[in-house]
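The values are calculated or read from the model by the stated rules, or taken from the named source; none is laboratory data. Every value quoted in this text rests on a predicted model; they were computed, and no experiment measured them. Counting neighbours? That spans all protein chains shown, and the Cβs are built from the backbone with ideal geometry, glycine included. Accessible surface areas use protein heavy atoms only, side chains included; no ligands, DNA or RNA. Shrake-Rupley method; radii C 1.70, N 1.55, O 1.52, S 1.80 Å.
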Amino acid sequence: MITLPALSVLFFIVIGQSNAVGMAAFPSNLTYPQEARMYSFGKDYKWHTPVREPLDSTVGVVDSVSANTTTGAGFVLPMVNKILIDQPNNVAVIVPCARTGSSITEWQRDLRLDTLYGSCLNRVIRASEEWNTSTGSYPDKYTIVFWQGETDALAGEVFRTTWKQRAERLRSDMKMDISKYNTSVKFIDAVLNPVAPDSNYRAWNTIRNYQLNLKLTDANTNYFSTGWYGYGGVTYPAGNPHPSNLASYQTIGNWAATSYEALP
């Protein structure tokens, strides 16, 4: 295991679907100024630093339920980079858990390692315990970073009445399961674009409104915008719910950082 620093630690758990994975093409020389202060505990159950794209790697994945066949650059590293610039005495741990195409149902609490929830929680616990073993203290502040909804918006009517309850249950369950490390876990969630990619996404606006309202039920929750349809100056291909390019993800990352920093 790499040598871990005994510093104040911000701990980010990334859950959701493809936009939480990151889907943008990126140059091989892409770096972020604060990447040396980032430590990821990957799906290979290994530590990585400095943290580079793709954060959610396809290499060496242990729990097949969490594997992605394709990954790219996303919003998480730009988000953490901005937060660390604003908090120069901290370092960050990132645990990527997202899986492309996953539904809110697949994220419900199940502690088995062949589930998304159980696999993610196991890595969160392993990373926390290994950090404590190496440094003598646990990370200070835990945040769940959630971007999901496109798959369920496409599924339609079935999620018009259940997405909200399942998202709130996911938040409360994950907070409960990691409360042994910190009792005031933060939660930030992405809000779908104001305009759906096309008419097939029948539950798009309903789920978007639920995402906006998640913060009303928890003081440690905030949301961040993912822009307008066609943001970044490039229109989505019909039916494609992903940001148009790397610059769009980077902008969203800055918005996510602002959302995080607005929480108490």
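Testing SER57 on (1) in contact with a strand residue (DSSP E or B) (Cβ under 9 Å, 6 or more places away or on another chain); (2) without any contact (Cβ under 8 Å) to a residue 40 or more places away in the chain; (3) under 17 Å from LEU10 (Cα atoms); (4) not charged (D, E, K, R), one condition comes back false. Which one is that?
Unmet condition: (3).
Quick one: count up the residues across region 247-264 that are within 12 Å of ILE83 (Cβ to Cβ), of a type in the set (Val, Ile, Thr) and buried (at least 20 other Cβ atoms within 10 Å of the Cβ).
Residues meeting the conditions: 0.
What do you reckon, is VAL59 open to solvent by less than 40 Å² (accessible area, probe 1.4 Å) and either of a type outside the set (Gly, Ala, Ser) or within 27 Å of ASP140 (Cβ to Cβ) (or both)?
No.
Can you confirm whether SER102 is part of a loop (DSSP other than H, G, I, E, B) and either under 20 Å from VAL65 (Cα atoms) or at pLDDT 95 or above (or both)?
yes
Within region 26-44, identify whether any single residue is within 21 Å of SER137 (Cα to Cα), in contact (Cβ under 8 Å) with a residue 40 or more places away in the chain, polar (S, T, N, Q) and touching a Leu at 6+ places or on another chain (Cβ under 9 Å), and answer yes or no.
yes
Kindly establish whether ASN200 is of a type in the set (S, T, N, Q), under 21 Å from ALA257 (Cβ atoms) and at pLDDT below 90.
no
If you take the residues in region 123-171 that are modelled with pLDDT of 90 or more, of a type in the set (Lys, Arg) and open to solvent by 40 Å² or more (accessible area, probe 1.4 Å), which one is farthest from VAL62 (Cα to Cα)?
LYS164
Could you say which residue among VAL91, VAL65 is touching a Leu at 6+ places or on another chain (Cβ under 9 Å), free of Cβ contacts under 8 Å to residues at least 60 places away in the same chain and not in a loop (DSSP other than H, G, I, E, B)?
Result: VAL65 is the single residue among VAL91, VAL65 that is touching a Leu at 6+ places or on another chain (Cβ under 9 Å), free of Cβ contacts under 8 Å to residues at least 60 places away in the same chain and not in a loop (DSSP other than H, G, I, E, B).
Hey, can you tell me all the residues within region 214-240 that are surrounded by 15 or more Cβ atoms within 10 Å (Cβ to Cβ), at pLDDT 85 or above and more than 17 Å from the chain's Cα centre (by Cα)?
The answer is ASP218, and nothing else.
Regarding region 187-195, can at least one residue be identified that is part of a helix (DSSP H, G or I), of a type outside the set (Val, Ile, Thr) and either open to solvent by 10 Å² or more (accessible area, probe 1.4 Å) or over 19 Å from LEU111 (Cβ atoms) (or both)?
No - not one qualifying residue is present in region 187-195.
For region 193-204, name all the residues that are touching a residue at least 12 places away in the same chain (Cβ under 8 Å) and over 12 Å from ILE252 (Cβ atoms).
If the condition is that a residue be touching a residue at least 12 places away in the same chain (Cβ under 8 Å) and over 12 Å from ILE252 (Cβ atoms), then PRO194, VAL195, ALA196, PRO197, ASP198, ASN200, TYR201, ARG202, ALA203, TRP204 are the ones that fit.
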